[in-house]
Amino acid sequence: MHIVESIRIALRSLWANKLRSVLTLLGVVIGVAAVIAVVTFVSGINDYVAKKIFNLGADVFIISKMSPVETNVERFLEAEKRKDLALEDYEAVRAGCVHCEYVGALMRGVGKVKRNDQSISDTNIQGITPSIANIQDIDLSYGRMLNDIDLSNHSQVAVVGTDIVEHLLPGVDPLGQEIRIDGWTYKVIGVGKKKGKTLGQSADNYALIPLTVYLKQYGAHNNSIRIWGKAAATGVPLNQAIDEARASLRVHRHDRPGADDSFEIETNESLLGIWSGLSNTFFMATIGIAAVSLVVGGIVIMNIMLVSVTERTREIGIRKALGARRDDVLLQFLIESLVLALIGGALGVLSGVGFAEVVTALIGMPSSIKLWAVTAGLLVAASVGVFFGVYPARKAARLDPIVALRFEM
């Protein structure tokens, strides 16, 4: 039988049994939609993390008490016991890393900012040294950045994000205005450039204050500082700057020779590697769940095709009596099973992409549609249709035409 005619018969059969067709396709649709949605989200988040969150640059490293994405429970518990990094550790690294262009330190927390009767909560409060602005490439719309005098004099000044200006200082020149951060009064000296949203959350709700003031307000033992370093721009390898920083800090913290570091050093490459491992684990787990759905969908397709063979037994007998070969009947039912699965795959692709786009629009979760994922989804659906359609097709092809003609439902 001509392939086009087989496809036409398959589509006509699907249309004649709409409810049965929908229920048949449901497993394949869910399985493919889950794969497409997960790939779309994982790809989007990976791209976003690489560009926005872990975009430290090839010449920047971070020293912290423990890794921000530690996945090993034993290492996490061991790291928790370490002594916090203090301002003196930052001074030791700054003095010892001779091939660092900048060395900075920061601490961060979440607080509430007020002015008169207006307030804004969940503000990212960062205590920084002035060099952090150079390492992180913080740009200002107007005003000035914190400087070494602010740090040494414990000046209660702040550089704020545009959210604070829009909510608390609308219609006025923010420079020189006073705001209260968790009850302490600060003078605004600068306003950062607007950044937009990060994973649905505003990246402009922040206040930068001198690290010395942060330690005074929130307590030196409240948390561990993080030390940032940037290798010199004269072609010095990042590893050389890291080695100098590590050696200086080990001496200052009295780490025994041969013992592990009492701190962690992360680079853009190492953070992205850890994140990639986490996202791949999540991806593989979801693929496993989706595979179960696809197997169930394939079994349903096989059962429906067996029902179709039974319903069309006399039709098969007539076609064989008129000269149809066994291969013709086999091909017909395989094509019908394939068309059934491909329609389910196409609906699954549309559903997965649509779901990802809706979630992105509602909460801002980054997504990235990959052509290879769409192609893989359709190929997997087609494979399911062919694999689970072989048995019904072979059963139909092996029917004896005389017995088939005598069959009655």
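Against the condition over 19 Å from I299 (Cβ atoms), assigned by TED's automatic domain parsing to the domain that holds L23 and surrounded by 15 or more Cβ atoms within 10 Å (Cβ to Cβ), how does S351 come out, does it pass?
So S351 fits the description; yes.
Exactly one condition in (1) part of a helix (DSSP H, G or I); (2) touching a helix residue (DSSP H, G or I) at 6+ places or on another chain (Cβ under 6 Å); (3) not hydroxyl-bearing (S, T, Y) is false for E315; which is it?
E315 satisfies all of (1) part of a helix (DSSP H, G or I); (2) touching a helix residue (DSSP H, G or I) at 6+ places or on another chain (Cβ under 6 Å); (3) not hydroxyl-bearing (S, T, Y) except (2).
Read through the list (1) within 30 Å of P237 (Cβ to Cβ); (2) in contact (Cβ under 8 Å) with a residue 60 or more places away in the chain; (3) surrounded by fewer than 17 Cβ atoms within 10 Å (Cβ to Cβ), then give the number of the only condition that D139 fails.
So the condition that D139 fails would be (2).
Between a first residue in segment 316-332 that is of a type outside the set (K, R) and a second residue that is not in a helix (DSSP H, G or I), which pairs have beta carbons less than 6 Å apart while being 6 or more apart in sequence or on different chains?
I316/L399; D328/M1; Q332/M1
Checking I128 against (1) farther than 13 Å from L208 by Cβ; (2) β-branched (V, I, T); (3) touching a residue at least 40 places away in the same chain (Cβ under 8 Å), which single condition isn't satisfied?
Every listed condition holds for I128 apart from (1).
The values are calculated or read from the model by the stated rules, or taken from the named source; none is laboratory data. Note that this is a predicted model, so its numbers are computed, not measured. Cβ coordinates were reconstructed from backbone atoms using ideal geometry, including for glycine residues, and neighbour counts include every protein chain displayed.
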